[in-house]
Every structure is written in C-alpha cells, then in structure tokens.
1. What order, most packed first, do the peptides 122-132, 89-99, 14-24 have when packing is the mean number of other Cβ atoms within 10 Å of each residue?
2. Accessible area per residue of the stretch 91-151 at 1.4 Å probe, in Å²?
3. Per residue of the stretch 87-95, what does 6.51 cos²θ - 1.76 cosθ + 1.60 with θ = phi - 60° give for ³J(HN,Hα)? Whole Hz please, x for Gly and Pro, Karplus curve as stated.
4. Give the distance, in whole Å, between the Cα centre of the stretch 86-151 and the Cα centre of the stretch 1-42.
5. Obtain the radius of gyration and the Kirkwood radius of the stretch 89-148 from its C-alpha atoms and give Rg over Rh.
Amino acid sequence: MIVRKRSAGDNVEAKCTRCRAVLNHTIVAMVGERIVRVQCNTCGGQHNYHPPQEEKKPAERSATTRSAAPRTPSAGRSRKEPVPKGPSEWEQSMAGVDPATATPYAMDRPFRTGEIVSHPVFGIGIVMTVTKPNKVEILFRDGVKLLRCAL
Ligand SMILES: [Zn+2]
C-alpha cells in the first residue's frame, strides 16, 4: 500500500487530550516524519500529538519470551533416588583385599597402579594413577587423594 507522506494541514487520527478520545485532528507541526502538534477537529484545541494507541504490546511480548527459558522441573525432582551410599567405589575396590598386604605409604617410595596402600591418616587405599614425576592418586575411603611418591 502506498503511504502518502503526511504534512502539516493533513488529517490524522490522534488522541485528544481534552476529548479523551481518538479523533480526527489536523496536523499543525511536524518534525521530519514525526507529528508533534495537532489540532482537534472536534474541540478545536491544539495539543501535542498522541498516537491513537499507546503501544504497550511489544513490552509484554518481550516479557513472555524472556521467561521462555526451558525449565525441566521433572529432571531434578522426580528422580528421587539418592546417591547410593552403599558400596562405594572404594569399598568395591577393597573387596577381597587384605589390609595386611597393604604397603605403608611413604612419599619417597614408588607406587604402581592397583597397589594397595596403607596411609597413616587416610587409611587403606588403592593406587588409581601414577603421574610423573612424583604424583600418585590413591582412592581412600574419603575419596581420591593426590599424594607424592617416587617413581
Ligand atoms: Zn478534542
């Protein structure tokens, strides 16, 4: 559709501040493409141009789209299964292990993966990984500890 450029003297629908209604107005003043001042054809009063409808819809739209972040309440709650406290990785590793065979931990001795180690603080553990030059990861009851060792 062809939109004719508006200019002063044209009729335009605007909200009249006195009549408090959307009525035909005559454009009195414009700034560029924007209508700034109009005269009401009904009451004859001049006032600043108010668009026929206060455009509030875009704001409401953006509010709804913003809260559209996918929430998955079922993912976290429905799975009530508690983290099994029962046989931990450590207990599984220790199954069938005689603590008496554990090697006393000392930072100046070498370890190899799978070796059972007895630590004065952490207790019995099993060597998970040996990292050069001098680090050994041992799985104790409390969890994996990174300790020093010699290779
Ligand atoms: Zn009016």
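The values are calculated or read from the model by the stated rules, or taken from the named source; none is laboratory data. Keep in mind that what you see is a predicted model, and the values were worked out from it rather than measured. Using ideal geometry, Cβ is built from the backbone for each residue, glycine included, and neighbour counts are taken over all protein chains shown. The area values use the complete protein model at the heavy-atom level, side chains included, leaving out ligands, DNA and RNA. Shrake-Rupley method; radii C 1.70, N 1.55, O 1.52, S 1.80 Å.
1. Highest-to-lowest ranking by the protection proxy: 122-132, 14-24, 89-99.
2. With the other protein chains kept in place, the stretch 91-151 gives 60 Å² per residue.
3. Once θ is set to phi - 60°, the couplings for the stretch 87-95 become x, 6, 4, 5, 5, 5, 5, 7, 4 Hz.
4. Computed from Cα coordinates, the inter-centre distance equals 85 Å.
5. Radius of gyration over Kirkwood radius for the stretch 89-148 works out to 0.92.
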